[in-house]
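**Q** One structure, as structure tokens, below. Some questions next.
The values are calculated or read from the model by the stated rules, or taken from the named source; none is laboratory data. Please read these numbers as outputs of a predicted model, since none were measured by experiment. Quick reminder, even Gly has a Cβ in these numbers, built from the backbone with ideal geometry, and neighbours come from all protein chains shown. To get the accessible areas, we keep the full protein, side chains included, count just its heavy atoms, and leave off ligands, DNA and RNA. Shrake-Rupley method; radii C 1.70, N 1.55, O 1.52, S 1.80 Å.
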Amino acid sequence: MLSRLVFVSAGALKNTGCLGAGLVQASRGLHTSSQCLAPMPPMPEHGGKVRHGIFPEELFQLLYPKTGVTGFYMLGTGLLVYLLSKEIYVINHETYAGLAMLSVIVYGVKKFGPQVAAYADQLNDEKLAKAQVVKDLTLNSMTESIENEKKEQWRTEGRSLLFDAKRNNVAMLLETNYRERLHMVTNEVKRRLDYHVALQNLKRRMEQEHMINWVEMSVVSTISPQPEKESITKCISDLKALAKTSQAKATV
């Protein structure tokens, strides 16, 4: 009866409750499918409740609906009696040595457990602090990288405006160069036209001077010395008459 109860309880533990879920979770770790690549749930920071230092509280809660408060204790006692009655486990000197060692271990855990736990918590806190520092530095670096990336994107967006400005500057330079060349061509054409106009004026003036000189020479050649003397005398008399007239007008 006790052995049957043990096997029935083991089957129930496997199929229901938290222990069954733990067994299923453990079996999943052995799978080689893509499901093993799924994110695992985070590890709990604190363990579950236990009784007598080693027995999980879930075992007592699992057997409570069927066997009551004493169910787990009866299961353990029945299992121990079964092992002893069938001589599966034989009590000898190793048993007493094991009990003594277990007592020493229990005493050491009760005596030095809190100090060891505090020291372990301190080491854990130091590791967490170092990890937090690394995390903060990484976050700051990532934040700075994001800000730099946003700034570079903003600069990239303004690159089109810069290209438009440069394109306009190039167009203005080309227009300025074109106008300078037009001005230079205009000046050269005007200078050549001025040269031709000056050349024509010079030619006309020289022709006029040549004609005047020729007429004068012709007239002078036709005048004899006697008319020339008479004309000079006539001019002198005319000048004297004009002088007397101007003096009379001045005295009046």
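**Q** Among the lysines, which have Cα under 24 Å from the Cα of LYS111 when same-chain residues fewer than 8 positions away are ignored?
**A** LYS49
**Q** In square angstrom, rounded to the nearest 10, how much accessible surface does HIS210 have for a 1.4 Å probe?
**A** 130
**Q** Binning at 10 angstrom from zero up to the longest distance, how are the C-alpha pair distances of region 94-252 distributed in percent?
**A** Bin by bin from 0 Å, the calculated values are 7, 8, 8, 8, 8, 7, 7, 6, 6, 5, 5, 5, 4, 4, 3, 3, 3, 2, 0.
**Q** How much length is gained on full extension from SER231 to ASN168, taking 0.36 nm per residue of separation minus their Cα-Cα distance?
**A** Answer, rounded to one decimal: 14.4 nm.
**Q** Got a sec? What order do LEU139, LEU79, LEU173 fall in by accessible area at 1.4 Å, biggest, i.e. largest, first?
**A** Final ranking, largest accessible area leading: LEU173, LEU139, LEU79.
**Q** Let me cross-check MET101: its accessible surface, 1.4 Å probe, with only protein heavy atoms counted, in Å² to the nearest 10?
**A** About 120 Å², ignoring ligands and nucleic acids.
**Q** Determine how large the accessible area of LYS86 is when every protein chain is in place; take a 1.4 Å probe and give Å² rounded to the nearest 10.
**A** The value for LYS86 is about 130 Å².
**Q** What length, rounded to one decimal in nm, is gained on full extension from VAL109 through to GLU207, with 0.36 nm per residue of separation minus their alpha-carbon distance?
**A** 21.3 nm
**Q** Using 1/(1 + (r/R0)^6) with R0 = 51 angstrom and r between the beta carbons of VAL134 and GLU180, what's the FRET efficiency to the nearest 0.05?
**A** Given R0 = 51 Å and the Cβ-Cβ separation, E is 0.20.
**Q** Okay, moving on. So which of LYS203/LYS229; LYS127/LYS150; LYS130/LYS150; LYS166/LYS190 end up more than 32 Å apart by C-alpha?
**A** Result: LYS203/LYS229; LYS127/LYS150; LYS166/LYS190 exceed 32 Å.
**Q** OK, next. Using only the Cα atoms of region 43-181, what do you get for the radius of gyration and for Dmax, in Å?
**A** 37.8, 122
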